[in-house]
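Inspection log for the structure reproduced underneath, given as structure tokens.
What follows is calculated from the coordinates using simple rules that are stated; it is not laboratory data. The structure displayed is predicted, hence computed values, not measured ones. Quick reminder, even Gly has a Cβ in these numbers, built from the backbone with ideal geometry, and neighbours come from all protein chains shown.
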Amino acid sequence: MKHLFKKVLVCTICFSLGSVFAASQDTASEETIWLSSLDVSRVEQGWGQARSNRSVDNRRMMIAGQRYQNGIGTHANSSIPLLLDGNGVELSGRAGLDDETRNRGSVVFQITADGKEIWTSGLMRPGDAAKEFTLDVKGVKALTLLALDGGDGFDYDHADWVDLKITMINNGKPKLDIPPIEDAVILTPKPAASPRINGAKVFGVRPGSPFLFRIAATGDRPMTFSADGLPSGLTLDSETGQITGKLEKAGEYKVMLHAKNALGRADREFRIICGSQIGLTPAMGWNSWNCFASAVTAESIKAAADAMVKSGLIDHGWTYINIDDFWQVHRDSKDPTLQGPKRSPDGRILPNPRFADMKGLVDYVHGKGLKIGIYSVPGPWTCGGCVGSFGHELQDAQQYAEWGFDYLKYDWCSYNPAFEDRRDDKDWNPYTSPNIQYSGGDHPIKGRAPFKRMHEALAQQPRDIIYSLCQYGMGNVWEWGTEVGGNSWRTTQDINDSWNSMSGIGFRQAGLEKHAGPGHFNDPDMLVVGHVGWGNPKPTKLTPNEQYTHISLWSLLASPLLIGCDMTKLDEFTLNLLTNDEVIEVNQDPLGRQAGRITQEGTREVWAKQMEDGSMAVGLFNRSQREQTVTITWSDLEITGQQSVRDLWRQKDLGKFTGQFQAQVGRHGVVLVKIAPAK
Ligand code: GAL
């Protein structure tokens, strides 16, 4: 028989850029291809982004002290799905944990061919030499390279596939089996021209604090607002819908709000709870970080406020315009707009020259019917290296209140629980000697103290300031965030606009639901839709389905909703995502419940939350790359009988169902429904 495959050339030197490892002259002959030549950026993994020839942290790959030039750096749990169409011959390479994890993490590497395991590394730990494999893949159609967590969660599981190459025949090329991105379909009908009252149905205020609430309503203008049962001390501006004044006595007040225009009128019950608790529903607004990061200016804040009004977002309940890091003077920046005296001689915090007129800025934002937030840290320096609040907590809280701020995000950077022991030490200056050795911010008492201290400072102020903790979930903050006065607390590290980051964070919230309730919410970080980019905003890398998943999940989770994009570049799709009032109502529901994971079958998950009106908001999610049917049974939801199901994104009744509901859900997508006993 004629020899079919002839190796014409075997090259042992790898070309640094080319994908072809050993070329052939004969179409039937073999070709060896580095798998790092594929675009791996959309590979699914638990954290970060897969990279060619670099580790997941974007370093040169190193396993057990040995450098590798070529390979794919991933993070568990990751799956690299390859299509070979039966043209593969041999797959070879090595796998191991990257040394950058500094002795942390554990991974099991696995390779499957047409669904069957053909190789596994067994449990690998940091420092283990890379394990080598050479596998026969003749006739294989689909090959999957998996890096799975070693049974202790996926933290620090930086998993490298190195020297990874495949020999192919028949001019075949390995392809990544990742379907193309779907079209951006707008699902939600435009708001009606007749009035609809949106936003929070319950509002908390402390006795004596200025009352600030604007009735959010869609519909043609002019619109006239009125209210029945407004307690004395409060007045409503009939043109703007703004309720202002003061309540002196604690108590609960039931009010009926009305909005009227030429086409009709809307009524809605509104509860005012005057007491110690504020922030009864998750904060909704915008924050500068995910868009501008260190480039934020007073002008960009004003532009965001303008856009919040002009886009109509304000009419759906979006309220806060929050300045993140970089309004203060920087430690040592060369940028003159970040320089200046850090505090006045009497210790008052001074804004940097970009925010020369802070009071003017606050008044400007308030003048638009919006509220405004500010940012600091308990340490001497913020995460970006600007002045923090250490030793000046009360003074800073007073200053925020004097300027008129309504919200404080209190981060963690540069704080060290060991500072707690040195606060009264006159000879110790944390600004010049912050290097007390202490690792981890999860100290059971000292890690909480700085947050409690700022809460107490805020509580003394004559205005209500929402308090948002940001220490990334250390020390199970959800268990004590309420105790230190937090209205919300970040549960994770920073989000970015990739599927792995967003879905990893979102779906990891399972189990935290018992810690959320009116006035205190888990915060899985800000929204990454629209133009985002930390100083260099570009359209989000989340696909349309992924963006629906993001907003649905954050709504179900009763998470603070803080838009992170350039508000001056809102496109129609993004605006549609942020203005579906039925979806927002899931987030703002007065019960303040956070959805829990009801079922999980592989990549299919159903999450549900109880709503005040007796219905359930249910998200049917598909975390896979292919469309799937997702089913929820009444018994899993602990409901019975005939139920009406309404599609919330399409704002459309789907009919009456008995026993279960089933939907086709697109890749990385969601069907979000409301299920209520049929009338
Ligand atoms: C991070 C925080 C971000 C942002 C940043 C500012 O610690 O998680 O959301 O606030 O600091 O430097």
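List, in the order given, every pair from Lys409/Lys541; Lys254/Lys359; Lys260/Lys409 whose Cα-Cα distance in the structure shown is over 30 Å.
Values: Lys409/Lys541 26 Å; Lys254/Lys359 34 Å; Lys260/Lys409 37 Å.
Listed pairs above 30 Å: Lys254/Lys359; Lys260/Lys409.
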Inset, instruction - Return the ratio Rg/(2.2 N^0.38 Å) for the chain, where Rg is computed over Cα atoms only. - result: 1.06
Inset, instruction - Convert 20 °C to kelvin, take the viscosity as 1.002 mPa s, use the Kirkwood radius over C-alpha pairs of segment 28-176 as Rh, and evaluate the Stokes-Einstein diffusion coefficient in µm²/s, rounded to a whole number. - result: 144 µm²/s
Legend entry - Potential lengthening between Lys254 and Lys514 on full extension [0.36 nm per residue; Cα-Cα distance subtracted]: 90.8 nm
Legend entry - Cα-based helix-to-principal-axis angle, 544-556 vs the chain, degrees rounded to 10: 50 degrees
Inset, instruction - Taking the Cβ of each residue in Ile321, Ile372 as the centre, tally the other Cβ atoms inside 10 Å and list the residues starting with the fewest. - result: Ile372, Ile321
Legend entry - Spacing of the two label points (7 Å from each Cα toward its C-beta) at Thr603 and Glu269, in nm: 4.3 nm
Legend entry - Sequence-distant residues sharing a close amide H with Lys371 (under 5 Å, placed H): Tyr320, Ile321
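Find, to one decimal place in angstroms, the Kirkwood hydrodynamic radius of segment 284-594, where the mean of 1/r is taken over every pair of different Cα atoms and then inverted. Working shown, then result.
Numbers: mean 1/r = 0.0509 Å⁻¹.
Radius from the Kirkwood sum: 19.6 Å.
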Legend entry - Exposure proxy order (Cβ contacts within 10 Å, fewest to most) of Lys409, Lys674, Lys679: Lys679, Lys674, Lys409
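Per-residue counts of other Cβ atoms within 10 Å, averaged by peptide: what ranking do you get for 342-350, 103-111, 153-161, 521-529, highest first? Provide the component values of the computation, followed by the final result.
Details: 342-350: 13.1, 103-111: 21.4, 153-161: 24.7, 521-529: 26.3.
Top of the packing list down: 521-529, 153-161, 103-111, 342-350.
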Inset, instruction - DSSP loop (so not H, G, I, E, B), at most 14 other Cβ within 10 Å: list which trypsin sites (Lys or Arg not before Pro) in segment 28-90 pass both filters. - result: Arg59, Arg60
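Over all directions, how big on average is the projection of the convex hull of the alpha-carbon atoms in segment 568-666, in square nanometres?
Numbers: hull surface 30.2 nm².
Computing the convex hull of the Cα atoms and averaging its projections yields 7.6 nm².
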Inset, instruction - Before rounding to the nearest 500, sum -39500 (n - 2.57) across all DSSP H runs of length at least 4 in the chain and divide by the residue total; then give [θ] at 222 nm in deg cm²/dmol. - result: -3500 deg cm²/dmol
Legend entry - q = 0.10, 0.22, 0.23 Å⁻¹, segment 503-632: log10 I(q)/I(0) [Debye, one scatterer per Cα]: -0.32, -1.37, -1.44
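Fewest to most neighbouring Cβ within 10 Å: what's the order for His550, His258?
Details: His550 25, His258 19.
Ascending Cβ contact count within 10 Å gives the list His258, His550.
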Inset, instruction - Any chance you could check the Cα centroid distance between segment 191-261 and segment 366-401 for me, in angstrom? - result: 29 Å
Legend entry - Karplus (6.51, -1.76, 1.60) ³J(HN,Hα), θ = phi - 60°, over segment 325-334, in Hz, Gly and Pro reported as x: 4, 5, 9, 9, 6, 8, 3, 8, 5, 7
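Stokes-Einstein diffusion coefficient for segment 206-363 at 20 °C in a medium of 1.002 mPa s, Rh from the Kirkwood formula over Cα pairs: what value in µm²/s?
On the way: Rh = 18.3 Å.
Result for D is 117 µm²/s.
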Legend entry - Rg and Dmax of segment 196-274, Cα atoms only, in Å: 12.3, 38
Inset, instruction - List the residues whose amide H sits under 5 Å from the amide H of Val43, counting only those 5 or more places along or on another chain, with H placed 1.01 Å from N in the peptide plane. - result: Ala50
Legend entry - Amide proton proximity set for Leu562, modelled H, under 5 Å, gap of 5+: Gly285, Leu527
Inset, instruction - Please give the helix 358-367 orientation as an angle from the longest Cα principal axis of the chain, in degrees from 0 to 90, rounded to the nearest 10. - result: 80 degrees
Inset, instruction - Wrap a convex hull around the Cα atoms of segment 443-536, take a quarter of its surface area, and give that in square nanometres. - result: 7.5 nm²
Legend entry - the chain: angle of helix 298-310 to the longest principal axis, Cα-based, in degrees nearest 10: 80 degrees
Legend entry - For segment 311-316, 3J(HN,Hα) per residue [Karplus equation, 6.51 cos²θ - 1.76 cosθ + 1.60, θ = phi - 60°, Hz, x = Gly/Pro]: 6, x, 4, 4, 6, 10
Legend entry - R0 of 22 Å, Cβ-Cβ distance Gln69-Lys175: FRET efficiency to nearest 0.05: 0.40
Legend entry - Derived scalar couplings ³J(HN,Hα) [segment 471-482; Karplus, 6.51 cos²θ - 1.76 cosθ + 1.60; whole Hz; x for Gly, Pro]: 10, 6, x, 4, x, 6, 3, 4, 7, 9, x, 5
Inset, instruction - Return the whole-Å distance between the Cα centroid of segment 127-146 and the Cα centroid of segment 604-679. - result: 40 Å
